[in-house]
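Below you'll find the structure, written out as structure tokens, and then a few comments.
What follows draws every value from the coordinates through simple rules; no lab data is involved. What you are looking at is a predicted structure, and each value in this text was computed from that prediction instead of being measured. Cβ placement follows ideal geometry from the backbone for every residue including glycine, while neighbour counts extend to all protein chains displayed.
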Amino acid sequence: MVLFLHTQRASFQWRRLIGRLALLPLLGLWPAMGWADSDNPKAAEPPELRRQLDGHVFIFTENQLDPFVSTYVLSQTGFGYGTAAGYTYDVAGKPVTLANYQVGGFAQQLAFQYGFLDWWAVRINTVLTVYSGINGSGAAAVGTNALATVGLGTTLSWKVGDSLRLGGSLDFQFGPSVFFNILKAVQDSIESGDISTPVISAGSYSLVPAFVGAWAIEPWVGFTFAVSYKYSNATTSNSVNGVTNSVSLLNLGGVFDFDLDPACRVPIGFLAGLQTTFSANKTRFTQFRWQGGIFYTGVKPLTVGLEIDYNRAPVVGATQTFLSSLLGLIVLQYNFN
């Protein structure tokens with residue numbers, strides 16, 4: 001009996017030893033399998049984002065139409081200061097001397113886009129803009145203005161090779177505006193012979209079809225561009241009368257964005273761009289915008305940073321007064337795919 005137990009124990013120990021020896025080749029292959037995964041770039045890289053082309057992730061800016069169909073949420077808050085050359089006026093509303101209008105402003109935008117497919121997305125956004133004269137001549141001539149708009153849009157685009165994406169977009173915008181302008185009320189009262197209120201309300205809508213594109217020049221630099229047509233219709237009214245105006249505009253724009261992370265492992269990005277707008281039926285200059293910005297690029301789906309815009313455009317409600325303004329925008333946008 002003792003001999004039988006001893007034999008069984010020896011047999012079990014031999015089987016255990018043989019099993020351990022059989023595992024040695026597998027244990028030797030384990031590091032090699034890990035090294036193979038690390039040496040395979042496709043295994044280590046995350047899936048390509050929809051805002052990415054040929055290794056470059058494009059920095060988002062709301063002031064430039066682009067062809068990307070990612071799902072995202074956006075919050076953008078801006079503060080601005082502007083000046084405009086104009087006149088001071090007498091009580092009859094006639095110009096007297098030259099003056100420098102000073103204007104302060106605030107803007108808030110919220111937006112959401114959903115990418116149904118890798119070539120189609122729809123979006124909605126809301127924008128609130130308030131600006132007012134902050135010195136005597138500015139308060140009289142520019143007044144206080146508040147504009148609220150809601151926008152609905154869609155983009156369809158496709159990749160052309162690895163580094164180019166082209167497509168089209170269509171946006172519809174509508175919303176009310178309220179203007180408080182003492183000077184305009186005096187001028188309207190004199191022209192009509194009736195007392196006009198300084199409060200002017202307006203309802204407007206616009207339609208913006210566009211050709212849009214993006215080109216990844218290098219993993220650290222990209223270029224987005226757009227050509228758009230804008231038809232806008234606005235009806236303004238006060239206590240005396242109402243006026244409906246429409247305008248057709250042609251806009252050309254392009255933005256370069258630079259990401260230092262692929263080049264030198266510094267998670268900082270920059271952008272620089274220009275947009276110009278002309279009257280489509282009169283070929284007359286209307287406005288232009290220079291923009292620049294600095295952003296954190298360490299988290300690829302996230303756009304967070306500061307954008308600075310220089311804009312020259314007519315004051316809404318006073319189209320003969322051109323305002324040169326500097327606007328700082330705090331941008332926070334996250335892409336889900």
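Numbers below:
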quantity: Among 57-70, 131-144, the order from most to least packed when residues are scored by Cβ within 10 Å on average; calculated: 57-70, 131-144
quantity: Burial order of peptide ranges 324-333, 262-271 (average beta-carbon count within 10 Å, highest first); calculated: 324-333, 262-271
quantity: Per-residue HN-Hα couplings for the range 161-170 [Karplus 6.51, -1.76, 1.60; θ = phi - 60°; Hz; x = Gly/Pro]; calculated: x, 8, 10, 10, 9, 10, x, x, 9, 9
quantity: Karplus-derived HN-Hα couplings along the range 102-115 (A = 6.51, B = -1.76, C = 1.60, θ = phi - 60°), whole Hz, x at Gly and Pro; calculated: 10, 10, x, x, 9, 9, 9, 10, 10, 8, 9, 10, 10, x
quantity: Full-stretch length increase - Phe174, Glu48 - with 0.36 nm per residue and alpha-carbon distance subtracted; calculated: 41.9 nm
